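Trainee: Got a structure here, written out as structure tokens. Questions coming.
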Amino acid sequence: MSKEGVIYRISGPVVTATGMSAGMYDVVRVGDEGLMGEVIELHGEKAVIQVYEDTSGIRPGEPVINTGETLSVSLGPGLLTQIYDGIQRPLPTLEEVMGVFITRGVDADAFDLEKKWTFEAVVEKGAAVEGGQVIGHVQETETIVHKIMVPPTMSGVVKNIKSGDFNVTETVCTLEDGSEIQMMQKWPVRTPRPYRQKYAPDTPLITGMRILDFLFPLAKGGAAGIPGPFGSGKTVTQQSLAKYSDAQIVVYIGCGERGNEMTEVLDEFPHLIDPNTGKPLMNRTVMIANTSNMPVAAREASVYTGITIAEYFRDMGYDVALMADSTSRWAEAMREISSRLEEMPGEEGYPAYLSSRIAEFYERAGRVETKNGDDGSVTVIGAVSPPGGDISEPVSQGTLRIVKVFWGLDAGLARQRHFPAINWLNSYSLYPQSLNQWFRDNIAQDFPEIRTQISGLLQIEAELQEIVQLVGSDALPVDQQLTLEVARMIREFFLQQNGFHDVDAYCDINLQYSMSKAILSFQEAAKNAMAAGAQLNDVVNVPARTALMRGRFEKGYIDTIDDMVKTMVDEIGATVEDN
Amino acid sequence: MTGKEYRTITDVKGPLVFLNKTEPVAFGEIVTIRLADGSIKNGQVLDTSDDLVIVQVFEGTAKIDRTAGVTFMGDVFKLPVSKDLVGRILDGAGRPRDGGPDIVAEENADIIGAAINPFSRQSPHDFIQTGISAIDCCTTLVRGQKLPIFSASGLPHNDIALQIARQAKLKGSDEQFIVVFCAMGITAEEYNFFRSDLERTGALENAALFVNLADDPAVERIITPRLALTAAEYLAFEHDYHVLVIYTDMTNYCDALRQIGAAREEVPGRRGYPGYMYTDLAMLYERAGIVKGKKGSITQFPILTMPGDDITHPIPDLSGYITEGQIVISRELHQQGIYPPINVLPSLSRLMGSCIGADTTREDHKSVSDQMYAAYAQGRELRGLVAIVGEDALNERDKQLLDFSGVFEDRFLRQSRDEDRSIDETLDLCWELMSSIDTKYLVRLDQKWIEKYHPDNKA
């Protein structure tokens, strides 16, 4: 058997080759044009290949060459600010080579191989280094220091290392055994990168979205699923997370989604400022865009490409957040390939291994001790697009079994233009227990208790609403009517957040706390006033309350909110005397 | 490669022909099949190997027997494109249907169409005024968008599509769209309705029609939209036209897709539709847009009828996940005699945010649209409550909202089939209707717009 075979059969993105020695997941070049593909099944001497590009016009008999490598990504300085397709080809380079339409058979380096970076060694000659250990720094963007690590499979004693300007393929360090280390390394995408140990997460990923941070917090190193029907705001939520979450590195995967939406992201991100550093957001971002009409096999690969890049930055000791929009498209790509392979299907035509693939993917999230001894994390947030919004389908279920945070988007809320349309009654987070200490230490001692009160009020509201549906709200006793007003305030003032508003889009966690306290202050003051004879209508309509609620759209709200609350309490107190 | 004729057909099944012992045949290659009586059928290679080739026949497999001669044309399916396509009527396979001459090709374009590099796209931001208030105000259409009409049998989706085609223009511009109309499996009656309307308004001269009717071969429907979009791309990106593609009915297209899947004995996904339907639909819908460095644009208006009015059916469901919003036609409103019966609540335009505001429509548009929407949604909800507890149980606010939902339907939604409202007229109408609600309940309106536009303050 040789490295070269011939095509036997072509059926859409699946090509069968004969006469070639091949192992599973070897990368091959298919046909006269050398299209990139990956071996996904072996039958006797036939190798089944999924091809990452369109196969029209390819004939049986054309050559197939095995590269002997598995599907890998290039890792090194130059990754940040890039925009890739599913197999790590930079889209701007593709545009230069093929114009505005994506044709095929073009190879492109993941980043500039010639660009010189200033490498600053942090170990000295004679030091013993292990795989994953940091040997030098490169200031990759204004905000991010790219740490150059010994490839995980290598270790030894440094024979030679020098600081200076190098490109990514030049050797910066030689070991005693003669192995050379360059700034660029490769890693197979389907293999998780190694670490020393996994820790339990104990720090929240602060997103600036009130409903998420306050009610359903996600831990750094955790995994969250966002299922929702179309039009419920999955993409907007994912984009807000990419913009405002306090991760140091963001990997955004647009997997099988809309071209125009991806363009919006590509247009918008370079102009956005990171609220945590005040520097351009692109400096910390890597994007992967494989839209729905780009080859389906590359879509399957895109999530692995993304998570491998995320793990690489984690290994430098960074907190990385990865958004995958949408994992359902990834699952559908698996289904499509699986049906071309004529595999026996599991539920709804998806392959039987669907749930284990989903679990493997989310399991690559986590907070770890890196091989260098640092603390790093990968947080994964996956959007799910269940058909008809029904989350009993296999992809949603496979996701919910593994993630610990569920942000359920609701078409009804979206229809009322309540955004983010996250349903507070069926969403959950299993992290509050492990994060409470952090909130007590860093925000306020009573933070967890306030949260319980707020979510309790929302529960009570849901029960009262059932009665209101039957008898109308006027039939309720006034104290329950007040509860409804307080709950309405939680919904309209606190949970609703305008992701497109300059000020409201990002809400500081301390401000979130103040706002929740403001709601409880209102409840307290109103209760007292009404006990003293005030009318509900007067209490609710005090001008200061309206001012307080509108205030969240103004800059500097965090400094004025306490005074506004005081004024409101005074005005509510005054309603007693009016009577 | 052309010229050699094979007589090696082994099986014929549904729209598929299986044959063996051929020279290497390319995936996607075009095929002609010559029958004993001399007639010719066309097809395309779906699966190819050294031993077996599967051909999908566009005109149906009637009369094909094992002696039929099969010739491989050595190339994938291409459409001869030229500026002369404008004003022509072609059949579902791209042959003239209007008795005119063949299209003289300026270029032969691959009908599959390559994906646009997301990096090379330009964000759509030009507001298209359709003259229909419900669309302009609540689900604003943008040039380069794909916005389907989700309808159902017996509803006036065709009238709405035609009204849009007639009235669509950029604000403050008379520039006309070129309409590319693609019919898939619609009846001759519906087709005549479209054609005569286009003729009546003179729009036919600025249109290219690709027509596959209900009695034309179902499999041909797989290529009809691809031909239409190839023509649209050529006109938009080579000749700088702004093209509006209307295709109807996507449901028939998807059924044809299912038919082929079934004949190939593929593992079906939901409701028997193939698992790759999402990707397949994306290959059509994603051919809308604007690209950097080109003046033209493609805006798509696919029409689909939801089987059983069910929006969770795979066809509307997968479409909704790809398109940038949807316009939902409501049977309830239609039965109340309201035209256009657009239910704005589940309708959505995802690109709306990028095209409304002071520079394009009007500064108060966003605010007004949100308020109209919220007030109507609450009013509709109250109708359910009133049915149980009666109108007297409502408080003042709820009564006003309930009344508002009625005038919303009667005066805002309702307009005649040739009524072309400008965006200013639409927004002024919104203010007029909203003034029936006490200002203190209009919490989504910015105070400064209330001061400027509220009828009480205007006088």
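Trainee: Name the single residue, out of those in segment B:351-371 being within 10 Å of chain A (Cβ to nearest Cβ) and crowded, with 23+ Cβ neighbours inside 10 Å, that is nearest to A:Asn260 (Cα to Cα).
Mentor: Filtering first and then ranking leaves B:Leu351.
Trainee: Further question on the same structure: Out of everything in segment B:199-212 that is open to solvent by 10 Å² or more (accessible area, probe 1.4 Å) and in contact with a strand residue (DSSP E or B) (Cβ under 9 Å, 6 or more places away or on another chain), what residue ends up being modelled with the lowest pLDDT?
Mentor: By that ranking, first place goes to B:Ala203.
Trainee: What's the total number of residues in segment A:554-564 that are assigned to a helix (DSSP H, G or I), open to solvent by 30 Å² or more (accessible area, probe 1.4 Å) and in contact (Cβ under 8 Å) with a residue 40 or more places away in the chain?
Mentor: 3
Residues checked against (1) in contact with a Phe, Trp or Tyr (Cβ under 8 Å, 6 or more places away or on another chain); (2) more than 18 Å from B:Val142 (Cβ to Cβ); (3) crowded, with 24+ Cβ neighbours inside 10 Å:
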{"position": "B:Thr224", "(1), (2), (3)": "yes, yes, yes"}
{"position": "B:Leu227", "(1), (2), (3)": "yes, yes, yes"}
{"position": "B:Glu238", "(1), (2), (3)": "no, yes, no"}
{"position": "B:Thr251", "(1), (2), (3)": "no, yes, no"}
{"position": "B:Glu266", "(1), (2), (3)": "no, yes, no"}
{"position": "B:Thr279", "(1), (2), (3)": "no, yes, yes"}
{"position": "B:Leu304", "(1), (2), (3)": "yes, yes, yes"}
{"position": "B:Pro307", "(1), (2), (3)": "no, yes, no"}
{"position": "B:Pro314", "(1), (2), (3)": "yes, yes, no"}
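Trainee: Let me ask another. Does at least one position in segment B:372-389 carry a residue that is more than 35 Å from the chain's Cα centre (by Cα), within 12 Å of chain A (Cβ to nearest Cβ), acidic (Asp, Glu) and open to solvent by 30 Å² or more (accessible area, probe 1.4 Å)?
Mentor: no
Trainee: Which of the residues that make up segment A:541-553 are outside any loop (DSSP other than H, G, I, E, B) and open to solvent by less than 40 Å² (accessible area, probe 1.4 Å)?
Mentor: Of everything in segment A:541-553, those that are outside any loop (DSSP other than H, G, I, E, B) and open to solvent by less than 40 Å² (accessible area, probe 1.4 Å) turn out to be A:Ala544, A:Arg545, A:Leu548, A:Met549, A:Gly551, A:Arg552.
Trainee: Right, here's the next one. Cβ-Cβ below 7 Å, separation at least six or inter-chain, first residue in segment A:7-32 and free of Cβ contacts under 8 Å to residues at least 24 places away in the same chain and open to solvent by 30 Å² or more (accessible area, probe 1.4 Å), second among the aromatic types (Phe, Trp, Tyr) and in a loop (DSSP other than H, G, I, E, B): which pairs?
Mentor: Once the first residue is free of Cβ contacts under 8 Å to residues at least 24 places away in the same chain and open to solvent by 30 Å² or more (accessible area, probe 1.4 Å) and sits in segment A:7-32, no partner that is among the aromatic types (Phe, Trp, Tyr) and in a loop (DSSP other than H, G, I, E, B) comes close enough.
Trainee: Same structure, new question: Report every pair of residues separated by at least 6 positions or lying on different chains whose Cβ atoms are under 7 Å apart, first residue within segment A:325-344 and within 8 Å of chain B (Cβ to nearest Cβ), second among the aromatic types (Phe, Trp, Tyr).
Mentor: A:Glu332/B:Tyr278; A:Arg335/A:Tyr350; A:Glu336/B:Tyr276
Trainee: Are there any helices (runs of 4 or more DSSP H) wholly within segment A:362-446 with 3 or more residues that are open to solvent by 10 Å² or more (accessible area, probe 1.4 Å) and closer than 30 Å to B:Glu381 by Cβ, and if so which?
Mentor: A:411-415
Residue-by-condition table, conditions (1) open to solvent by 20 Å² or more (accessible area, probe 1.4 Å); (2) in contact (Cβ under 8 Å) with a residue 12 or more places away in the chain; (3) in a helix (DSSP H, G or I):
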{"position": "A:Leu484", "(1), (2), (3)": "yes, yes, yes"}
{"position": "A:Met489", "(1), (2), (3)": "no, yes, yes"}
{"position": "A:Asp504", "(1), (2), (3)": "no, yes, no"}
{"position": "A:Ala525", "(1), (2), (3)": "no, yes, yes"}
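Trainee: Can you tell me how many residues within segment B:16-34 are open to solvent by 10 Å² or more (accessible area, probe 1.4 Å) and either away from every other protein chain (no Cβ under 14 Å) or polar (S, T, N, Q) (or both)?
Mentor: 4
Trainee: Every residue in segment B:330-348 that is open to solvent by 10 Å² or more (accessible area, probe 1.4 Å) and closer than 30 Å to A:Glu268 by Cα, please.
Mentor: Answer for segment B:330-348, where residues must be open to solvent by 10 Å² or more (accessible area, probe 1.4 Å) and closer than 30 Å to A:Glu268 by Cα: B:Leu345, B:Pro346, B:Leu348.
Trainee: Among (1) touching an Asp or Glu at 6+ places or on another chain (Cβ under 7 Å); (2) within 11 Å of chain B (Cβ to nearest Cβ); (3) of a type outside the set (Asp, Glu), there is one condition A:Gly105 misses while meeting the rest; what is its number?
Mentor: For A:Gly105, the exception is condition (2).
Trainee: Another question, if that's okay. Of everything in segment A:155-181, what is surrounded by 17 or more Cβ atoms within 10 Å (Cβ to Cβ) and either β-branched (Val, Ile, Thr) or under 30 Å from the mean Cα position of the chain (by Cα) (or both)? Give them in sequence order.
Mentor: Scanning segment A:155-181 gives A:Val158, A:Ile161, A:Val168, A:Val172, A:Thr174, A:Ile181.
Trainee: Taking the condition of being surrounded by 23 or more Cβ atoms within 10 Å (Cβ to Cβ) and either small (Gly, Ala, Ser) or at the interface with chain A (Cβ under 10 Å from one of its Cβ atoms) (or both), how many residues in segment B:122-147 meet it?
Mentor: Of the residues in segment B:122-147, 7 are surrounded by 23 or more Cβ atoms within 10 Å (Cβ to Cβ) and either small (Gly, Ala, Ser) or at the interface with chain A (Cβ under 10 Å from one of its Cβ atoms) (or both).
Trainee: Could you look through segment B:49-63, keep only residues that are in contact with a Ser or Thr (Cβ under 8 Å, 6 or more places away or on another chain) and not aliphatic (A, V, I, L, M), and pick out the one that is surrounded by the most Cβ atoms within 10 Å (Cβ to Cβ)?
Mentor: Across segment B:49-63, the extreme among qualifying residues is B:Ser49.
Residue-wise test of (1) away from every other protein chain (no Cβ under 14 Å); (2) exposed (fewer than 15 other Cβ atoms within 10 Å of the Cβ); (3) of a type outside the set (Val, Ile, Thr).
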{"residue": "A:Ile467", "(1), (2), (3)": "no, yes, no"}
{"residue": "A:Ser473", "(1), (2), (3)": "no, no, yes"}
{"residue": "A:Gln480", "(1), (2), (3)": "yes, no, yes"}
{"residue": "A:Ala531", "(1), (2), (3)": "yes, yes, yes"}
{"residue": "A:Val539", "(1), (2), (3)": "yes, no, no"}
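Trainee: With respect to B:Thr67, determine if the residue is among the polar types (S, T, N, Q), in contact (Cβ under 8 Å) with a residue 12 or more places away in the chain and surrounded by fewer than 22 Cβ atoms within 10 Å (Cβ to Cβ).
Mentor: Taking the combined requirement at face value, the residue satisfies it.
Trainee: Taking the stated definitions as given, is B:Leu79 within 16 Å of B:Arg226 (Cα to Cα) and either in a strand (DSSP E or B) or without any contact (Cβ under 8 Å) to a residue 60 or more places away in the chain (or both)?
Mentor: Against the criterion (within 16 Å of B:Arg226 (Cα to Cα) and either in a strand (DSSP E or B) or without any contact (Cβ under 8 Å) to a residue 60 or more places away in the chain (or both)), B:Leu79 qualifies.
The values are calculated or read from the model by the stated rules, or taken from the named source; none is laboratory data. Here the structure is a predicted model, which is why all the values come from computation and not from measurement. When we count neighbours, we look across all protein chains shown, and the Cβ atoms used for this are built from the backbone with ideal geometry, even at glycine. These accessible areas exclude ligands, DNA and RNA; they are computed on the full protein's heavy atoms, side chains included. Shrake-Rupley method; radii C 1.70, N 1.55, O 1.52, S 1.80 Å.
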